[in-house]
Amino acid sequence: MPRTGLRVKSPDQLVAESGADLEGHGLQRTIGPFQLVCFGVGAIVGTGIFVGLSDTVAKAGPGVIVSFILAALTCIFTAFSFAELGGAIPVSGSSYSYTYATLGERTAFLVGWCLLLEYGVSVSAVSIGWGQYLNELLDNTVGWRIPPALAEAPGHGGVVNVPAVIVMLLAAVLLVRGVRESARATAVMAVIKIGILVLFCAIAFTAFESGNLSPFAPEGIGGIGAGASLAFFSFIGFDAISTAGEEVKNPRKNVPLAILITIGCVALIYCLVSVAALGAMPWEQVGGKPAALSLIVNHATGSTFGSTVIAIGAVVAIASVVLAVMYGQTRILMSMSRDGLMPRVFERVSPKTSTPVANTWIVAVVFAVPAAVVPLDVVLDMTVIGTLAVMAVVNICVIALRRSRPDLPRRFRVPFYPVAPLLGVAFCLYLMYGLPLLTWAQFAVFLLVGAALYSLYARKRSRLALAGDAAPAKAPRSL
C-alpha cells in the first residue's frame, strides 16, 4: 500500500506485472549469465576510455590514475546497491522501478527523466566518439577521411555528424530483430574490445618511462577531482544490466552476480590502461587529442599498424555501447509507459520479435539529433551529472527498502550496510561537485522541466492512481 502522501508501488506488484507481461505476448527470458556479463561490458567499455581518456588527462595529468580509482570506487559502492536491488526487484525499470518501490512516484518520474541523460543523451555522446575512430581507421587503411563537414558538429568545423547517426540507426535495426540476436552480437563485440585493450596495454608498456608520470598532479587535487568527474563517464552503463531484469534467466541470482563481475573487471582494465598510456607518452602530448590510444600506440611502435588495430577495436567497442545503452533506454521507457507515466506507444511489444519496435525507433531518431549536431563535451557533462544524481538516489533506495521491506528475499545484500550506500552517496556528490557551474545550471533547468511534465501530464495519467493499488496489471498492447 502507498505511504501517506506518496504513491508507492510495492516490489511484489512490480514483479507481478513483469511476470504478467511474460505470458506469451511480452518480453522473453533468453539471456544467460555469460551473455549478461558481456552485455554489461558492452554497455561500459567504449567512448569513455577510447575517446574520453584524453579529456580526462587534460584535467588531471598523470593523476588521471587516481581519477579513475575515485570513479571506480563510486561505481563499486553503487554497484553493491544495484546488485541488492536488482536481485530483490528483477524488473526492466532499473533505478526508476527501485525508486517507485521506495521513494514514491514523483521521485521515480524524476529518476526516469534523469535516465534520459544517462541512456538517451549518453548514446548520443557515444555515437559522436564512434566517428572519430572510424575516421582514424579509414585514414590508416584507405588513406581517406570523412570530410569534417560530415563528421563534426556545428561549432567544431562541421555541419552534421553523419557517422553518429548511422551507428545509431544500425543499432536500432539489430535491436528490433530480437534480444537473442542483440545479446550474441554484444557478447562477440565485448570479447573483441577487451582483447584490444589488453593488446594496447602490452604495446604501451614496452615504451613505459617512469619520468612521464612526473609531476604526478600538475593541476593539484582539484585537477584530480575534475578528472574523476570526467573519468566517471567511462564507467557509465554497468547499471544497464538491471534493465534486462525481465529478459534474464534466474534474474535474482544472475543480475547481482553480473553487476559485480562486470564492474570489477572494467575497473581493473581501466586502471591498467591509464597507467600504460601515461607511462608511454608525456601527458601534455595526450591531453585533449582525439583517438588518444591510437596516438600512443603509434608513438610506442613507430608505425601505424598498431593504431589500425586499436581503431578497429574502438569502432567495434563503441558500436556495442550504442547497442547496449539504447537497449537500456527502451526498457526504462517501457516500464514508465506501463505505469502510465509515458505515452502507451513505448510499452507496445511486437508479437513477432518480442521487442518494443516503435519504442526503439523513436529512441533512435530522437537521440540521433543531438548526436548529429551537438559537440561531445556538452553532451558528456550533462550525461555525467544526470547519472551521478540517479546513482545517489539508488543508494538511498537500498536504505529505504531495508526499512520498509526487511522481509523481502535478497540473493545479495550490500556489505557493511549502511556505511557502503552512504559512501556511495558521498562519492556521487563529490564527483558532481567537480563539474562546471554551467552544467549544474543546465541540469537544474532539466529537472524543472521534468517536474513540470510530471505535474501536467504523468501525475494525471498514473495507472496506480487511476486504478488503485489492488488493480491488476495491464498487459502492454501488441503491435
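Taking segment 211-239, which residues are outside any helix (DSSP H, G or I) and modelled with pLDDT under 80?
Ile236, Gly237 - these are the residues of segment 211-239 that are outside any helix (DSSP H, G or I) and modelled with pLDDT under 80.
Which condition number in (1) within 30 Å of Glu347 (Cα to Cα); (2) among the aromatic types (Phe, Trp, Tyr); (3) surrounded by fewer than 18 Cβ atoms within 10 Å (Cβ to Cβ) is the one that Phe238 fails?
(3)
So Ile146 ticks every box in (1) closer than 20 Å to Lys289 by Cβ; (2) of a type in the set (A, V, I, L, M); (3) surrounded by 24 or more Cβ atoms within 10 Å (Cβ to Cβ) but one. Which box is left unticked?
With respect to (1) closer than 20 Å to Lys289 by Cβ; (2) of a type in the set (A, V, I, L, M); (3) surrounded by 24 or more Cβ atoms within 10 Å (Cβ to Cβ), Ile146 is out only on (3).
Give the residues of segment 402-459 that are touching a helix residue (DSSP H, G or I) at 6+ places or on another chain (Cβ under 6 Å) and of a type in the set (Val, Ile, Thr), sorted by residue number.
Val414, Val425, Thr439
Conditions tested, residue by residue: (1) surrounded by fewer than 16 Cβ atoms within 10 Å (Cβ to Cβ); (2) free of Cβ contacts under 8 Å to residues at least 40 places away in the same chain.
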site: Ile166; (1), (2): no, yes
site: Thr186; (1), (2): no, no
site: Ala202; (1), (2): yes, yes
site: Glu209; (1), (2): yes, no
site: Phe233; (1), (2): no, no
site: Ser242; (1), (2): no, no
site: Leu257; (1), (2): no, no
site: Ile263; (1), (2): no, no
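Going by what's in this entry, would Phe82 be described as more than 14 Å from the chain's Cα centre (by Cα), among the aromatic types (Phe, Trp, Tyr), crowded, with 24+ Cβ neighbours inside 10 Å and closer than 22 Å to Ser122 by Cβ?
Numbers: more than 14 Å from the chain's Cα centre (by Cα): no; among the aromatic types (Phe, Trp, Tyr): yes; crowded, with 24+ Cβ neighbours inside 10 Å: yes; closer than 22 Å to Ser122 by Cβ: yes.
No.
What pairs come out if I take residues in segment 49-72 that are touching a residue at least 60 places away in the same chain (Cβ under 8 Å) and among the basic types (Lys, Arg) and pair them with residues that are assigned to a helix (DSSP H, G or I) and crowded, with 24+ Cβ neighbours inside 10 Å whose C-beta lies under 7 Å away, six or more apart or interchain?
Lys59/Gly227; Lys59/Leu230
Please specify each residue of segment 284-314 satisfying the condition of being surrounded by fewer than 24 Cβ atoms within 10 Å (Cβ to Cβ) and in a helix (DSSP H, G or I).
Within segment 284-314, Glu284, Gln285, Leu295, Asn298, His299, Ala300, Thr301, Phe305, Gly306, Thr308, Val309, Ile312 meet the criteria.
Among the residues of segment 89-132, what is the count of those that are in contact with a Lys or Arg (Cβ under 7 Å, 6 or more places away or on another chain) and surrounded by 24 or more Cβ atoms within 10 Å (Cβ to Cβ)?
Number of matching residues: 4.
If Lys193 satisfies every condition in (1) surrounded by 21 or more Cβ atoms within 10 Å (Cβ to Cβ); (2) part of a helix (DSSP H, G or I); (3) of a type in the set (D, E, K, R); (4) modelled with pLDDT under 80 but one, which is the exception?
(4)
What is the one condition in (1) in contact with a Lys or Arg (Cβ under 6 Å, 6 or more places away or on another chain); (2) in contact (Cβ under 8 Å) with a residue 60 or more places away in the chain; (3) of a type outside the set (Phe, Trp, Tyr); (4) farther than 22 Å from Ser81 by Cα that Lys249 does not satisfy?
(4)
Is it true that Ala291 is at pLDDT below 80, within 30 Å of Leu213 (Cβ to Cβ) and in contact with an Asp or Glu (Cβ under 6 Å, 6 or more places away or on another chain)? If you could, list the steps in order and put the result at the bottom.
Details: at pLDDT below 80: yes; within 30 Å of Leu213 (Cβ to Cβ): yes; in contact with an Asp or Glu (Cβ under 6 Å, 6 or more places away or on another chain): yes.
Spelling it out, Ala291 is indeed at pLDDT below 80, within 30 Å of Leu213 (Cβ to Cβ) and in contact with an Asp or Glu (Cβ under 6 Å, 6 or more places away or on another chain).
Looking at segment 32-50, which of the residues that are more than 12 Å from Gly129 (Cα to Cα) and not in a helix (DSSP H, G or I) is modelled with the lowest pLDDT?
From segment 32-50, those more than 12 Å from Gly129 (Cα to Cα) are 32-45; that's our starting set.
Cutting the leftovers down to not in a helix (DSSP H, G or I) gives us 32, 45.
Values: Gly32: 73, Val45: 80.
Checking each candidate, the answer is Gly32.
Of the numbered conditions (1) at pLDDT 85 or above; (2) farther than 22 Å from Ser307 by Cα, Leu117 satisfies every one except a single condition; which is it?
Status for Leu117: all satisfied but (1).
The values are calculated or read from the model by the stated rules, or taken from the named source; none is laboratory data. Owing to the predicted nature of the structure, the values given are computational and were not obtained by experimental measurement. All Cβ positions, glycine included, derive from the backbone under ideal geometry; neighbour counts span all protein chains shown.
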